[in-house]
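S.K.: If you scroll down you'll find the structure; I have some questions about it.
Read-outs: derived from the displayed coordinates by stated rules, not from any lab. All figures in this text were calculated on a predicted structure; none of them were measured in a lab. FYI the Cβ positions are ideal-geometry reconstructions off the backbone, even for glycines, and counts take in every protein chain you see.
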Amino acid sequence: MKIENQYNSDHQPIGYAVKDWSRREYPTKVLLEGTYCRLEKIDPIRHIEDLYHVYGPTSPSKNWTYLPMEPFESKAALATYLKTISQSQDPFHYVIIDQVSGKALGTLALMRTNPEHGTIEVGFVIYSDQLKKTRIATEAQYLLACYAIDDLGYRRYEWKCDALNEPSRKAALRLGFTFEGIFRNALVYKERNRDTAWFSIINSEWADRKDRLESWLDEANFTVEGEQKRRLNEC
């Protein structure tokens, strides 16, 4: 639904009215429950064994090309990192738990939170190969978006990535984010330039995106072997 701008007394176009707006809250919820997975606030003790397979030295190097960090060479180093991020309010880090196996398969976070204006970003998306291209990966993103937009009431939900990171860009579009453009020379990381691709979902379009995700995630959309009957872009 397109929302029309309005005009002031000088006949100048101005943004549409946002009535009764109030400052949003920071993320605090420690458990987001789904059908195939749950998101738990990172616990450096309970989650370290599983996450060492995701973050540790056996993790494929290609998984770290577009991340601002490298795999951890020791469990002790990872433990220190997990303790630090578990205490962070922004980013607010979650671990993705498979409901069947109980294993932690990856992480993601709500970050760059702006409560005054109602903007928030999903980031620190780090998946094991076991998690990629699964129902769990999609549901994890769905759960986080529901929390940010439905529960906390944020108006703008962002996704950003290196403009050369084609898998991340495709994932954003598949999930229903709108591509907004490239910020050139946005960052320097790993001694190289990063142009950043920006994507967003805004609150006025979330209901449509949410219905689409729920249709795809419905158990009836999968065979007993777990194969999808309809692709997400067909829902």
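S.K.: Hey, rough spin-label estimate for LYS170 and ARG23, points 7 angstrom out along Cα→Cβ, what's it come to in nanometres?
M.R.: Roughly 4.3 nm, to one decimal.
S.K.: Which number do you get for Rg(Cα) / (2.2 N^0.38 Å) in segment 63-106?
M.R.: Working: Rg = 12.3 Å, N = 44, 2.2 N^0.38 = 9.3 Å.
Working it through for segment 63-106, the quotient is 1.32.
S.K.: Based on Cβ point charges of +1 for Lys and Arg and -1 for Asp and Glu, what charge dipole magnitude is obtained for the chain about its Cα centre, in debye rounded to the nearest 20? Mind dumping the intermediate values first?
M.R.: Values: 32 positive and 34 negative charges, 82 e Å.
Roughly 400 debye for the chain.
S.K.: OK, next. Kindly state, to the nearest 0.05, the FRET efficiency for TYR16 paired with ASP90, given R0 = 25 Å and r defined as their beta-carbon distance. Don't skip to the answer; put the middle values down first.
M.R.: Values: r = 28 Å, r/R0 = 1.13.
So, using R0 = 25 Å, E works out to roughly 0.35.
S.K.: From the square roots a ≥ b ≥ c of the eigenvalues of the alpha-carbon gyration tensor of the chain, which class results: rounded (a/c under 1.5), prolate (a/b over b/c), or oblate?
M.R.: The shape class here is prolate.
S.K.: Kindly provide log₁₀ I(q)/I(0) values, in the same order as q = 0.17 Å⁻¹, from the Debye equation applied to equal alpha-carbon scatterers of segment 9-130.
M.R.: -0.88
S.K.: What area, in nm² and to one decimal, does the C-alpha convex hull of segment 40-84 cast on average over all directions?
M.R.: Value for segment 40-84: 3.3 nm².
S.K.: Additional query: Rounded if a/c is under 1.5, else prolate if a/b is larger than b/c, else oblate: which is segment 6-65, with a ≥ b ≥ c the root eigenvalues of its Cα gyration tensor?
M.R.: In terms of gyration-tensor shape, prolate.
S.K.: Under a cut-off of 25 Å between alpha-carbon atoms, report the lysines in cross-link reach of LYS29, not counting same-chain residues fewer than 8 places apart.
M.R.: LYS41, LYS83, LYS103, LYS132, LYS160, LYS210
S.K.: Given labels modelled 7 Å from the Cα in the Cβ direction, how far is it in nm from THR58 to LYS41?
M.R.: Here the answer is 3.1 nm between the modelled labels.
S.K.: Here's a follow-up. In percent, what relative contact order does the chain have, based on Cα pairs under 8 Å that are 6 or more apart in sequence?
M.R.: RCO, the chain: 15 percent.
S.K.: OK, next. If I model a spin label at CYS235 and GLU33 as a point 7 Å from the Cα along the Cα→Cβ vector, what separation in nanometres do I get?
M.R.: Modelled inter-label distance: 2.1 nm.
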